[in-house]
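Undergrad: I'd like to ask some things about the structure below.
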Amino acid sequence: MNAISPSPEAEAGGAIVNGLSVDVEDWFQVGAFESVIERDDWNSLSDRVDRNVREILDLFDEAQVKATFFALGWVAKRHGGLMREIVVRGHELASHGWDHSRVFRMERKGFAEDIARARKVLEDAAGVPILGYRAPSFSIDRRTPWAFKELAEQGFTYSSSVAPIRHDHYGWEEASRFAFRPLPWSELIEIPVTTAMFAGKRLAAGGGGFFRVIPYSFTRWAIRQVNSRDERPAVFYFHPWEIDPGQPRLAGAPLKSRLRHYTNLDKMGGKLRQLVHEFAWGRMDLLAHREAARLDGEAAA
Ligand SMILES: [Zn+2]
């Protein structure tokens, strides 16, 4: 495995290249709203994902960064042209499952069908192999020991589906903070979303609501800490609806969900611009290659 050479982006400068990712789902598909919006209603709701992703593609072009877009199969089925556009513009297209069902709420058989169905639609739409997977709401944890086996058996090469932290909706706090191989018989790599250490505790620092709500300086501190002290790449994620102040407002959702969802939507574009310019970023598949080479090096040492 030492034959894997560093990617051109890793060689370009001295800085650690972090993983940049977008979870492609629409505003009505977020876990926080599942108590007020039925999946059956999704087709009748105002569709914002296409325009939002195109805005993100322009922002990435402007900053000259490439990223990974983990898209729902449900979205890919309705926006095949958008999936092709993501690939044509040099980004990686990967899977976020079919319809945002959380892994820990499924049995292995249902999970197998979910990821196979999503992958087929994504591959048919974009004409490229889909090798990466991110579980909805980072829902691979200690309750789903079969999930990595299923991903490996279906030929996925990496996953970025674990939040190694305790959170009210998800989390697997005993998991490694950095890339690991979850199966002894497979090359499959899991690359957890970024956490930063503060006073002996793990803090979520990889994006989502935290990035929007908390001042930018926290994320800057966290990524610097991970890159300089841990000497590891960070993994950051956000959603297309987070840059969209014009999305419909859901009055019926729980207050906590509304606060989390709607705060600072108008400031997100500016924050993202700052983030993509301040640090070095790249696609998750290339990050997975570099992490595989590092793990192989450690095993050989
Ligand atoms: Zn998601």
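Every read-out reported here was derived from the displayed coordinates using simple, explicitly stated rules and does not represent laboratory data. These figures come from a predicted structure and were not determined experimentally. Methodologically, a virtual Cβ is constructed for each residue, glycine included, from the backbone with ideal geometry; neighbour enumeration extends over all protein chains shown.
Undergrad: State yes or no: is Ser101 assigned to a loop (DSSP other than H, G, I, E, B), more than 15 Å from the ligand (Cβ to nearest atom) and surrounded by fewer than 22 Cβ atoms within 10 Å (Cβ to Cβ)?
TA: No; evaluated as a whole, the condition is false for this residue.
Undergrad: Please identify the pairs in which a residue from segment 80-108 that is more than 30 Å from Ser35 (Cβ to Cβ) and touching a residue at least 60 places away in the same chain (Cβ under 8 Å) has its Cβ atom under 7 Å from the Cβ atom of a residue that is within 16 Å of the ligand (Cβ to nearest atom) and of a type in the set (S, T, N, Q), counting only partners at least 6 apart or on another chain.
TA: His91/Thr68; Glu92/Thr68
Undergrad: With the condition kept exactly as written, say whether any residue in segment 115-132 is in a loop (DSSP other than H, G, I, E, B) and closer than 15 Å to Ser159 by Cβ. It would help to see each step written out before you state the result.
TA: Going through segment 115-132, the residues in a loop (DSSP other than H, G, I, E, B) turn out to be 127-131.
Cutting the leftovers down to closer than 15 Å to Ser159 by Cβ gives us 130-131.
Yes - at least one qualifying residue is present in segment 115-132.
Undergrad: Quickly run through segment 237-250 and pick out the residues that are within 29 Å of Arg283 (Cβ to Cβ) and in contact with a helix residue (DSSP H, G or I) (Cβ under 8 Å, 6 or more places away or on another chain).
TA: Those that are within 29 Å of Arg283 (Cβ to Cβ) and in contact with a helix residue (DSSP H, G or I) (Cβ under 8 Å, 6 or more places away or on another chain): Phe238, Pro240, Trp241, Glu242, Ile243, Asp244, Gln247.
Undergrad: Name the residues in segment 133-190 that are in a helix (DSSP H, G or I) and without any contact (Cβ under 8 Å) to a residue 24 or more places away in the chain, would you?
TA: Once the filter is applied, which keeps residues that are in a helix (DSSP H, G or I) and without any contact (Cβ under 8 Å) to a residue 24 or more places away in the chain, segment 133-190 yields only Glu153.
Undergrad: Output the residues belonging to segment 226-236 that are surrounded by fewer than 23 Cβ atoms within 10 Å (Cβ to Cβ) and either under 15 Å from Leu275 (Cα atoms) or in contact (Cβ under 8 Å) with a residue 60 or more places away in the chain (or both).
TA: The answer is Asn227, Glu231, Arg232.
Undergrad: Hey, Asp296 hits all of (1) in contact (Cβ under 8 Å) with a residue 60 or more places away in the chain; (2) of a type in the set (Asp, Glu); (3) within 21 Å of Ser161 (Cα to Cα) but one; which does it fall short on?
TA: Of everything listed in (1) in contact (Cβ under 8 Å) with a residue 60 or more places away in the chain; (2) of a type in the set (Asp, Glu); (3) within 21 Å of Ser161 (Cα to Cα), Asp296 misses just condition (3).
Undergrad: Could I ask something else about it? Looking for something within 16 Å of the ligand (Cβ to nearest atom) and part of a loop (DSSP other than H, G, I, E, B) - is there at least one such residue anywhere in segment 221-231? Show your work before the answer.
TA: Narrowing segment 221-231 to residues within 16 Å of the ligand (Cβ to nearest atom): none.
No, that holds for no residue.
Undergrad: Looking at Ala116, Ala76, Ala71, Ala125 in this structure, which one is without any contact (Cβ under 8 Å) to a residue 60 or more places away in the chain and surrounded by fewer than 21 Cβ atoms within 10 Å (Cβ to Cβ)?
TA: One residue alone meets the criteria, Ala116.
Undergrad: I've got another one for you. When you check Pro215 against the structure, is it more than 29 Å from Trp241 (Cβ to Cβ) and loosely packed, with under 15 Cβ neighbours inside 10 Å, yes or no?
TA: The answer is no for Pro215.
Undergrad: Moving to a separate point now. Restrict the check to segment 251-258 and report whether at least one residue is surrounded by 14 or more Cβ atoms within 10 Å (Cβ to Cβ), over 30 Å from Leu188 (Cβ atoms) and touching a helix residue (DSSP H, G or I) at 6+ places or on another chain (Cβ under 8 Å).
TA: Yes: one or more hits.
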